[in-house]
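S.K.: Sharing a structure here in structure tokens format.
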Amino acid sequence: MTTATVSPNAAAQPETVQPDGAAPFDARRAVAGRPLAAVTGAEIQAPLISGGHVRYANLDYGASAPALSLVSAYLNEILPFYASVHRGAGYASQISTSVYENARNIVREFVGGRPDDSVIFTRNTTDSLNLLAGCLPATDGRPDGDVLYLDIEHHANLLPWQGVPHRSIVAADTIPGTIESVRAELEQGGVSLLAVTGASNVTGEILPIRALATLAHEHGARIVVDAAQLAPHRRVNIAADGVDYLAFSGHKLYAPFGAGVLVGRPDWLDAGTPHLAGGGAVKEARLDGVSWATGPARHEGGSPNVLGAATLARATQVIAGLDLDRWHAHESGIRSFLVEGLQKIDGVTVHQIFKDTNPDTDTIGVVNFSVEGYDAGLVAAYLSAEHGVGLRDGRFCAHPLLKRLGLPSGSLRASFGVGSRLEDAERLLTGIESLRRNGLGWDYVVDAGRWVPANDTRTYPHWAPNTPGTAGAAPCIDD
């Protein structure tokens, strides 16, 4: 079971370190010292490997964000009325149906959708993009064009297109260069859909969606945006930006239950292959055939995730109510403090795709970095066990991009949002600085492909299975 061991540096001493040269902490306290919005679980206590507890510093929002407290309260309010939707005459069923269908209007308004845009609830962003892949136009069984995508995409916006005619291009190291690469490929003709990320899940860099949409339309193509990372950090207006399809997930937008959504033009969706063949997706079913429904019902076969859709819609309302200036200042304050602090620590490298990215305007609350001499998984395990900091390590379901960045074995990603505070970033910097100065403070081993503290006696809450957190780890280490 154990395949590797790393022991602590004998000279390691517990300490609290202000990162050398980091921007003054107090300079950003006014805008980022407190959470911008309350989230559920903000004060949970994480056990330290050396004993005692500390408030958990959640820097893993990019994977799944904690539920907004207002969303949790809304869930508790509607949960007693939960029932099967559509065709139910009962009181609870009527209320649940109203909540579910109204959620479409709320989400459409949140993203600036056109009046006739379909709003289809799915399991997540991956599900949404797979759904769209089954709706690409074809003539006499032959696709009308290719899907074009960049090499920087999350697998959710990469793998669905590999089952249909497709082309991939390498993003340049500048935004203008990347736009020109897209233009050159579109000019070759034969592209029906341009698929791009709104913001990189690896580095947090934002792409110019409006410019890319204009470019796609000039060459007879449509555009779909993977907004899983963008929507929780920036307001999107698909009508104003010319976006044809937009996909995002509730679990990244401060809502529980993992519902996703696809919003976009109805013609392809109404003519496409139903995503889930089953009850609710049909007008009439026969023993030897079927007449499919149109509209969202066509792709929502089976009992839908009513509470997931409802809480996703409620989360969009809360986010839409944030003051934009305060929201961006809060996130920018944490990000700039963290980036400046990391760059001042010897042996730490902050990674980005484009050398001309403006960190003040063209990034979201995601920072990617690596620590010289340490496996990313080991650093993540150390930060969790010895400092109560949670972040993500690995290749972030973006293998081609990690290879391109020269990080084939992975890196570290700190991500944050409206429930974060400056102290979370300070705790991370303290941990990295201590690691560089003193080394590890505990023995670590590899178990089931993941670094874990050796002889870990910490326990989970009484209601949670007390099994290793590495159980079932995805085999994402092979190229």
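S.K.: Pull up the cross-link candidates among the aspartates and glutamates for residue 403, meaning alpha carbon to alpha carbon under 13 Å and not fewer than 8 places away within one chain.
M.R.: Leaving aside aspartates and glutamates fewer than 8 places away in the same chain, those within reach of residue 403 are 151, 153, 478, 479.
S.K.: Tell me, what is the per residue accessible area of the chain in Å², probe radius 1.4 Å?
M.R.: Ligands and nucleic acids excluded, the figure is 43 Å² per residue.
S.K.: While we're looking at this one, here's another question. Show me the ranking of peptides 265-276, 421-432 by mean Cβ neighbours inside 10 Å, starting with the highest.
M.R.: Packing proxy ranking, top to bottom: 421-432, 265-276.
S.K.: Scaled to the compact-protein estimate 2.2 N^0.38 Å, what is the alpha-carbon radius of gyration of region 78-167, rounded to two decimal places?
M.R.: Normalised Rg, Cα atoms only: 1.46.
S.K.: What number, rounded to the nearest 500 deg cm²/dmol, is the helix-based mean residue ellipticity at 222 nm of the chain, given -39500 (n - 2.57) per DSSP H run of at least four residues and division by all its residues?
M.R.: Calculated at 222 nm, the ellipticity per residue is -9500 deg cm²/dmol.
S.K.: Now for a separate question. Taking the chain as the reference, fit the longest principal axis to its C-alpha atoms, fit the long axis of helix 324-343 to the helix C-alpha atoms, and give the angle between the two in degrees, 0 to 90, nearest 10.
M.R.: Taking the Cα atoms of the chain, the angle to 324-343 is about 40 degrees.
S.K.: Roughly what angle does helix 376-387 make with the longest principal axis of the chain, taking Cα atoms, 0 to 90 degrees, to the nearest 10?
M.R.: Long axis of 376-387 versus the principal axis of the chain: about 60 degrees.
S.K.: Quick one: in region 22-157, what % of C-alpha pairs are over 24 Å apart?
M.R.: 61 percent
S.K.: Quick one: pull the percent of accessible area on region 18-138 belonging to carbon and sulfur, 1.4 Å probe, ligands and nucleic acids left out.
M.R.: Solvent-exposed carbon and sulfur of region 18-138 make up 55 percent of the total.
S.K.: What does the net charge come to around residue 150 if you take all other residues with beta carbon closer than 15 Å to its beta carbon, with K and R at +1 and D and E at -1?
M.R.: Overall, the nearby charge balance is -4.
S.K.: Can you give the Rg/Rh ratio of the chain, where Rg is from the C-alpha atoms and Rh is the Kirkwood radius?
M.R.: That ratio equals 0.98.
S.K.: While we're here: If you split all Cα-Cα distances of region 379-439 into 5 Å bins from zero, what percentages do you get per bin, shortest first?
M.R.: Over region 379-439, the share of Cα pairs per 5 Å bin runs 4, 17, 23, 20, 18, 14, 4 percent.
S.K.: Using only Cα atoms, tell me the angle between helix 209-218 and the longest principal axis of the chain; keep it within 0 to 90° and round to the nearest 10.
M.R.: Around 30 degrees separate the two axes.
S.K.: Which peptide among 71-84, 362-375 comes first, and what is the full order, when sorted by highest mean count of other Cβ atoms within 10 Å?
M.R.: Taking the mean over residues of other Cβ atoms within 10 Å, the ranking is 362-375, 71-84.
S.K.: Quick one: with all protein chains in place, what share of the accessible area of region 347-417 is carbon or sulfur, to the nearest percent (1.4 Å probe)?
M.R.: Answer for region 347-417 is 44 percent, counting heavy atoms of protein chains only.
The values are calculated or read from the model by the stated rules, or taken from the named source; none is laboratory data. Predicted, not measured: the structure shown is a model, and the values here were computed from it. All Cβ positions, even for glycine, are placed from backbone atoms using ideal geometry, and neighbour counts span all protein chains on display. Surface areas here come from the heavy atoms of the whole protein model, side chains and all, with no ligands, DNA or RNA. Shrake-Rupley method; radii C 1.70, N 1.55, O 1.52, S 1.80 Å.
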